[in-house]
2 protein chains.
Amino acid sequence: MNARRRSHDRTETIMQTALDLALEVGYAKLSMEAVAARAGVGKDTIYRRWPSKALLFLDAVLSSRTQGLEHPDTGDIVADLRQVMTRACDLLGRPPWGPLYQDLIGEAQHNPEVAAALNERFIQPQAADTLARIKAAQEQGQLAPDFDLDLAFELLSGPLYFRLLITHEPLTPAYIDRVLQAVFAGMGPRPQP
Amino acid sequence: MNARRRSHDRTETIMQTALDLALEVGYAKLSMEAVAARAGVGKDTIYRRWPSKALLFLDAVLSSRTQGLEHPDTGDIVADLRQVMTRACDLLGRPPWGPLYQDLIGEAQHNPEVAAALNERFIQPQAADTLARIKAAQEQGQLAPDFDLDLAFELLSGPLYFRLLITHEPLTPAYIDRVLQAVFAGMGPRPQP
DNA sequence: AGCCATACGGGACGCCCCGTCCCGTTTTCT
DNA sequence: AGAAAACGGGACGGGGCGTCCCGTATGGCT
């Protein structure tokens, strides 16, 4: 009974220590030895819980509050999306957690287990939530019936991830507004009449 | 005189060997020892040319034909963009070079030198070329005067990179068409009259 | 309360590989 | 032909992942 408690405590301690160290030195220089030492724990105790350094890191980053990113429904679809996108960028797009999220995605590029877990535990739920909110807006008549719902999430997220991962430009509220404006107010051709 | 030639030959050989090995075992398992051995070269000879494994890999991937991605100008902006996007996806979005490009971007997440070089040598030129083509279309009256030119490249590329790096879904011509359709035909709200 | 299984901390170990150094040799330029 | 540079090969230091082992302690079971 209390065993579970103790075990859970140690699991928490290890994840928190890994997160602390990652924030200090980055994922690339994060070592299991250092985590074990600072957590006051044997390496076996870590490897009994996670099969690799990468998956420990994933757990540490994701379980560190990726909550609070659910969409509200105020009736204004653009305002609701802006709020969630802003929160997401504040959380994952800049220090302290931004670099860790970048490293996590970097690791996912050559580690299928990390890629799958990241998708399953964060990306997919987020996409589903966005999709549901947009669908509601469409049913309320705020969007055209032929609005490409499945594409919307990618059109909104893609540019943000592009800046985060490729050009490494800052994710400002102004940029979020430009993306929203483009997707929802249209960038279509308007040949002057 | 012939020294340059010989030196250049060896540089070519090393890059090609690195590329071959990377295609066989992936960047994560690529070792400088293996490159040196297969190329019949001492490790010093490699490190005399590149300061690190990561930058050798970047050179190997980028110099391996990232050409042929310039925009034509047939007068039809959407068709021209579709052609370039299709070629880019065929080249960088699937085997054999897709995984290497993914690894390169992954490495860039925790290696500022790689990130900077990737931007300078590939992303920025590509963006500039796209921007120029779109600007020409605007001046020809195919696009509205207030079309957000700077954003366009990111709106078009972002979703493709999102699929490549995050969800790892295939980059099909159909998807490219959906993105083009959304950006240029507009996804804006059309409350029924 | 006492016992046993399990988890534990700590440390040693094998393995791999990056990047540097060195040496004897070949190649190139003068 | 002779000096200077580049070269191949191999040894080396350093670091870290993941495994193994051992003596200990902690908690569940009777």
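If a residue has to be more than 19 Å from B:GLY106 (Cβ to Cβ) and either within 12 Å of DNA strand C (Cβ to nearest atom) or assigned by TED's automatic domain parsing to the domain that holds B:ALA108 (or both) to count, how many in the range B:8-34 make the cut?
Of the residues in that region, 5 qualify.
When you scan the range A:137-149, do you find a residue that is part of a helix (DSSP H, G or I), touching a residue at least 60 places away in the same chain (Cβ under 8 Å) and either of a type outside the set (Asp, Glu) or surrounded by fewer than 18 Cβ atoms within 10 Å (Cβ to Cβ) (or both), even just one?
The answer is yes, given that some residue of the range A:137-149 is part of a helix (DSSP H, G or I), touching a residue at least 60 places away in the same chain (Cβ under 8 Å) and either of a type outside the set (Asp, Glu) or surrounded by fewer than 18 Cβ atoms within 10 Å (Cβ to Cβ) (or both).
Restricting the search to the range A:22-35, which residues are surrounded by 19 or more Cβ atoms within 10 Å (Cβ to Cβ), assigned to a helix (DSSP H, G or I) and either within 10 Å of DNA strand D (Cβ to nearest atom) or at positive phi (or both)?
Within the range A:22-35, just A:VAL35 meets the criteria.
Looking at the range A:40-88, which of its residues are buried (at least 18 other Cβ atoms within 10 Å of the Cβ), touching a residue at least 40 places away in the same chain (Cβ under 8 Å) and over 20 Å from the mean Cα position of the chain (by Cα)?
A:ILE77, the sole residue that qualifies.
Filter the helices (runs of 4 or more DSSP H) completely within the range B:38-109 down to those with at least 1 residues that are within 14 Å of chain A (Cβ to nearest Cβ).
So the answer is B:53-63, B:77-92, B:97-108.
The values are calculated or read from the model by the stated rules, or taken from the named source; none is laboratory data. Computed from a predicted structure; not experimentally measured. Cβ coordinates were reconstructed from backbone atoms using ideal geometry, including for glycine residues, and neighbour counts include every protein chain displayed.
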